[in-house]
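Have a look at the structure below, then the notes.
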Amino acid sequence: MSDQDYYEILGASRTASAEEIKKCYRQMALRYHPDRNPGDKTCEERFKSAAEAYSILGDPQKRETYDRFGKDGLRGSGFEGFSGSIFEDFEDILGNFFGFNFGFGGGARRARPARGRDLGLEVEITLEEAAAGVEKEIAIQRAELCPSCGGSKARAGTRPSVCPSCGGRGQVRRTQGFFSVATTCSHCRGSGEIISSPCEDCRGTGRKAQKRTLKVRIPAGAGDGVRLRLTGEGEAGEAGGAGRGDLYVDIRVKAHDIFERENNNLACSLSLSFVQASLGITAEIPVLSGGTEKLKIPAGTQSGEVFRLKGCGVKDLQRHRTGDLFVTVDVRTPGDLKKEEKELLRKFAELRRENLDRLDAGAVRRKTSSRRTNFS
């Protein structure tokens, strides 16, 4: 057991949190690790001291005993100092920083079969399909387990053999200093098996690209940029692995000829002549679900006024409510007047007592971006 204070060894304060203690230990372990300092006995001793300190301060009960009674209290509880068992969580703390796994108190393990790769694609739909929901059929090319070898990678009638270098463990253990490390076997690359006769169909990969047709249900209200996840529809993993990957479908909505979408609302423009806007009219407005809705435009409507048709928008993907359709009036000014039409307009101006030679007072004023709305 070291005589130095454990907090001093790790460079931590007595009020440090468990995470701060762990961070201090990791920094010390990486700094004085024997692999970084080959043959340096001083670094090896400091590495041992840091490990011993963390074995106490990293354990809430031992830390409490140490804080109250010091090292004498630890001796009374049976603690005798440095032991290889304190490295059981070493890999969790240092990860694979040095490129190999640490083998304290556990057997070497072969590399786990890899999970299948995730795939992604885009599906383009119309605005009508986005509003109502639609089922689309999609074709993808993905890796499947080889039908000839079933993913074993070996030719039919043969079987993989146990790797002679690691004995099928996938790792080779070696002793270094006061502890041992287990490195991935370079002969079998961690699989624990040797393929003497590779499958000719998949060339020993265990998987083969195949075309698949799937159906994907796009829910009502899905918008541009929405991503759908199809669990288990990605590529196949290695035989005996952690399963297939997933398929991610990104939704793209085509531009519509009439409507623009903003969240769950739709917008369109209604073009009226100045006579229609002046006298008023009942307009038939097409809606996305099909058919039309009647919209009463009152007399004297100005260009830029907005009217709302409730519930004629798009269904909300999460809250199950439907947006509205906003109709903006655009008053047209005729540019190809005939002589008789011009005379009628001049007579109309006289009746209105409008001066066609000069502007009325106050005609030029500050521009405003606000529009009149007519929401009922």
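Only the coordinates and a few stated rules stand behind these numbers; no lab work does. Everything numeric here is computed off the predicted structure, so don't read it as measured data. Neighbour counts run over all protein chains shown; Cβ positions are idealised from the backbone, glycine included.
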Exercise. So between Ser278 and Asp250, what do we pick up on full extension, going 0.36 nm a residue minus the alpha carbon distance?
Worked result: 5.4 nm
Seminar exercise, completed: Sorted by chain and then number, the residues having a modelled amide H within less than 5 Å of the amide H of Ala154, at least 5 places away or on another chain, are Cys199
Seminar exercise, completed: The lysines whose Cα lies under 29 Å from the Cα of Lys254, excluding any fewer than 8 residues away in the same chain, are Lys136, Lys211, Lys215, Lys294, Lys310, Lys315
Exercise. Where both partners of a DSSP beta bridge lie in segment 260-374, what percent of those bridges are antiparallel, to the nearest 5?
Worked result: 60 percent
For this session: Please list, in chain and number order, the residues 5+ apart from Asp224 or on another chain whose amide H is under 5 Å from its amide H, with Hs placed from the backbone.
Result: Val253
Exercise. Which ³J(HN,Hα) values, rounded to whole Hz and listed in residue order, are derived for segment 280-289 from phi using the Karplus coefficients 6.51, -1.76 and 1.60 in 6.51 cos²θ - 1.76 cosθ + 1.60 with θ = phi - 60°, glycine and proline given as x?
Worked result: x, 7, 9, 9, 9, 9, x, 10, 5, 6
Problem set entry | trypsin sites (Lys or Arg not before Pro) within segment 231-315, DSSP loop, no more than 15 other Cβ atoms inside 10 Å | Lys254, Lys310
Exercise. If we count other beta carbons within 10 Å of each Cβ, what is the order of Ser196, Ser191, Ser165, fewest first?
Worked result: Ser196, Ser165, Ser191
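Which order do Leu344, Leu228, Leu309 fall in if you start with the one that has the fewest other Cβ atoms within 10 Å?
The most exposed by this proxy come first: Leu344, Leu228, Leu309.
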Problem set entry | Loop sites in segment 1-75: trypsin sites (Lys or Arg not before Pro), DSSP, at most 15 other Cβ within 10 Å | Arg14, Arg36
Exercise. Can you list the residues, at least 5 places off or on another chain, whose amide H is less than 5 Å from the amide H of Val331, using H built in the peptide plane?
Worked result: Leu272, Ser303, Gly304
For this session: Set the Förster radius R0 to 51 Å, insert the Cβ-Cβ distance between Ser289 and Lys347 as r into 1/(1 + (r/R0)^6), and round the FRET efficiency to 0.05.
Result: 0.65
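Counting other C-beta atoms within 10 Å, and keeping those with at most 10, which DSSP coil GluC sites (Glu not before Pro) do you find in segment 295-343?
Answer by residue number: there is no such site.
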Exercise. Tell me, Thr322, Thr333 in order of fewest to most beta-carbon neighbours within 10 Å?
Worked result: Thr333, Thr322
